[in-house]
Amino acid sequence: MDTGHSRGTWGSRSGFILAATGSAVGLGNIWGFPTQVGQGGGAAFVLVYLICVLLICAPIMVAEIALGRHSRLSPAGAFRNLAPADSSWWIVGALGVATGAGILSFYSVIAGWTIAYIWFTATSAVSGNAESINHFFEAFTSNGVVNLALTSLVLGATATILLGGVRAGIERATKMLMPALIVLLLILAVRAATLPGAEVGLDYYMRPDLARLLDVSVFNAALGQAFFSLSLGMGAMITYGSYLGRREAIGASTVWIVILDTLIALLAGFIIFPAGFSISGFDPTSSGPGLIFTVLPRLFSTIPGGNLFGAAFFLLLSMAALTSTISLLEVPVSHCVDTRGWSRWKAVVIVTGCVFLLAIPSSLGNGAVGLFSDLPIIGGNFLDLMATIWNNFSLPIGGLLTSIFVGRVWHVNRALDELCAEGASFPVASLWIFLVKWVCPVAIGSIIIATALVTF
Ligand code: TRP
């Protein structure tokens with residue numbers, strides 16, 4: 001699989017499901033979701049998130065996979081080929097390319113932290129009471145040299161896997177990973193639930209404060225998080241769909257991916273909040289991106305053999321992050337291969353280099369360099385800025401345009417032909433049409449406009 005003309009295909013349907021799940025399951029579930037729940041005020045965020053997943057993201061995932069499989073092209077090519085001649089729809093594909101690079105630029109920083117924590121937990125470097133664990137995190141993330149080295153390690157590993165080709169690289173890694181991760185998460189959830197004070201956390205996580213539902217920012221954050229967690233809105237699923245064989249049922253695959261991804265995110269919450277609230281003085285709102293890196297080491301310290309257990313956990317999380325970074329890099333790379341005729345090698349080297357340059361301010365913005373850590377005028381650090389731009393705005397806008405494109409330009413009937421190709425069953429066709437044509441554009445459009453009105 002090295003040119004756009006000889007596209008590889010997945011070895012089997014489970015190969016596709018595993019790879020797409022590998023893309024979906026990552027830091028978004030275990031780092032992003034609890035962090036967002038903490039900032040969005042608990043169970044109300046969870047409620048809105050689940051609604052977004054069901055009514056907006058699941059139908060868009062079906063649309064993206066169908067679009068990719070039908071066109072057999074990377075996103076920009078898919079939009080260009082299926083739109084009327086001379087229209088500007090290719091821009092959606094181009095937006096996806098920029099978004100992939102943008103997300104990867106901050107994602108690789110967090111993935112670097114995860115890798116470092118394998119070592120820190122294994123060697124008990126991070127231990128002691130909550131305060132010393134917090135200090136450790138702050139000292140570590142503000143070390144510029146170490147952070148740059150870790151970010152380059154993540155990007156280098158991702159680039160190396162991509163050069164190995166789609167099937168060999170991605171398919172293999174995910175098979176073992178997912179069951180192991182789920183087992184570890186279940187054990188941790190059980191342990192967390194038995195800690196003193198766990199009920200407060202469970203309450204926070206499961207009993208929604210309905211007043212929060214009046215806050216547009218909760219809707220915007222939940223929508224962005226749902227897109228981010230399911231790898232939607234930037235063409236990753238279009239690209240993966242383009243390698244999918246005609247005989248596989250898209251609807252059934254989507255159901256699997258959505259269920260697995262959502263369960264893993266929910267499970268992460270069942271660990272972080274009971275464990276967090278068992279620590280005195282815990283405030284989920286102010287924890288920010290350090291939430292899991294400060295709560296989990298505390299939790300491991302309550303388990304016999306906790307440092308090995310913790311190291312295994314961070315190892316699995318690093319691998320899950322890697323199967324996600326692969327899909328983030330794959331979109332801009334396959335774009336350059338398909339539309340510029342570059343060799344896969346050249347595309348990987350150039351795109352990775354550009355992403356690294358953009359990753360520098362995120363990597364140095366956690367205390368190492370003052371300018372990036374506390375941005376002039378807007379405040380906050382560079383990593384938060386990147387996460388907000390790409391997750392909360394770029395992905396939903398990409399999803400909005402995709403739903404308009406599939407619902408009205410390429411047209412739902414052609415999409416349905418693709419969904420039911422070779423006799424595949426898609427029993428929810430009319431519901432899907434209604435969601436893609438009406439619910440997705442109206443809901444995403446209103447959330448984005450309302451957020452813009454509140455913010456500016
Ligand atoms: N979904 C991944 C996660 O939850 C991140 C990711 C991988 C992603 N590929 C993507 C997000 C494409 C948006 C678009 O960790």
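The alpha-carbon positions of the stretch 83-237 define a convex hull whose volume is 211 Å³ per residue. Which whole-number percent of Cα pairs in the stretch 179-296 have a distance greater than 17 Å? For the stretch 179-296, the share of Cα pairs beyond 17 Å comes to 67 percent. One compactness figure for the chain is 0.93, namely its Cα radius of gyration divided by 2.2 N^0.38 Å. Over the C-alpha trace of the stretch 321-394, radius of gyration and Dmax come out as 14.9, 42 angstrom. Computing FRET efficiency as 1/(1 + (r/R0)^6) for Ile187 and Trp438, where r is the C-beta to C-beta distance and R0 is 51 Å, gives about 0.75.
Note on surface exposure: His135, His335, His70 rank His135, His70, His335 by accessible area, highest first, 1.4 Å probe.
Computed about its Cα centre, the charge dipole of the stretch 254-356 is approximately 260 debye, with only Lys, Arg, Asp and Glu carrying charge at their Cβ. The smallest convex shape that holds all Cα atoms of the stretch 339-456, its convex hull, gives 178 Å³ per residue. Where in the chain are the DSSP H helices whose alpha-carbon span along the long axis reaches 27 Å or more and whose Kyte-Doolittle mean is at least 0.0? Result, helices passing both filters: 90-122, 144-163, 172-193, 250-277, 306-340, 344-364. Here r is the Cβ-Cβ distance between Ala83 and Trp256 and R0 is 30 Å; the resulting FRET efficiency, rounded to 0.05, is 0.50. Between the exposed loop cleavage positions of the chain, defined as trypsin sites (Lys or Arg not before Pro) in a non-H, G, I, E, B DSSP state with at most 14 neighbouring beta-carbon atoms within 10 angstrom, the longest gap is 1-245. Here Met176 sits with roughly 150 square angstrom of accessible surface, probe radius 1.4 Å.
As an equivalent ellipsoid, the stretch 36-88 spans semi-axes of 34, 12, 9 angstrom, where each value is the square root of five times an eigenvalue of the C-alpha gyration tensor, largest first. When restricted to Cα atoms, the stretch 291-346 yields an Rg and a Dmax of 18.4, 55 Å, respectively. Reducing the stretch 220-280 and the stretch 55-127 to their Cα centroids gives an inter-centroid distance of 12 Å.
Binning the alpha carbon pair distances of the stretch 237-363 at 10 angstrom intervals from zero yields the distribution 10, 26, 28, 24, 11, 1, expressed in whole percent.
The relative contact order of the stretch 299-440, computed from alpha carbon pairs under 8 Å that lie at least 6 residues apart in sequence, is 10 percent. For the stretch 361-404, the relative contact order works out to 27 percent when only alpha carbon pairs closer than 8 Å and six or more residues apart are counted.
For Thr160 and Leu210, what is the calculated FRET efficiency with R₀ set at 41 Å and r taken between the beta-carbons, to the nearest 0.05? Don't skip to the answer; put the middle values down first.
On the way: r = 49 Å, r/R0 = 1.19.
For Thr160 and Leu210, the calculated efficiency is 0.25.
Counting only the Cα atoms, the stretch 347-387 fills a convex hull of 65 Å³ per residue. In plain terms, the bigger the Kirkwood radius, the slower the diffusion; for the stretch 1-155, with that radius from Cα pairs, at 25 °C and 0.890 mPa s, Stokes-Einstein puts D at 128 µm²/s.
Dividing the mean sequence gap of close Cα pairs (under 8 Å, 6+ apart) by how many residues the chain holds gives a relative contact order of 35 percent.
Treat the stretch 414-456 as a sphere of radius equal to its Kirkwood radius over Cα pairs and apply Stokes-Einstein at 25 °C in a medium of 0.890 mPa s; give the translational diffusion coefficient in µm²/s, rounded to a whole number.
Estimated via Stokes-Einstein, D reaches 199 µm²/s.
Which Cα, out of Ala157, Ile389, Phe277, lies furthest along the positive dipole direction of the chain (beta carbon charges, K/R +1, D/E -1)? In the chain, that residue is Ala157. In the stretch 384-440, the C-alpha radius of gyration followed by the widest Cα-Cα span (Dmax) gives 14.4, 46 angstrom.
The values are calculated or read from the model by the stated rules, or taken from the named source; none is laboratory data. Predicted, not measured: the structure shown is a model, and the values here were computed from it. Quick reminder, even Gly has a Cβ in these numbers, built from the backbone with ideal geometry, and neighbours come from all protein chains shown. Protein only, heavy atoms only, side chains kept; ligands, DNA and RNA dropped before computing areas. Shrake-Rupley method; radii C 1.70, N 1.55, O 1.52, S 1.80 Å.
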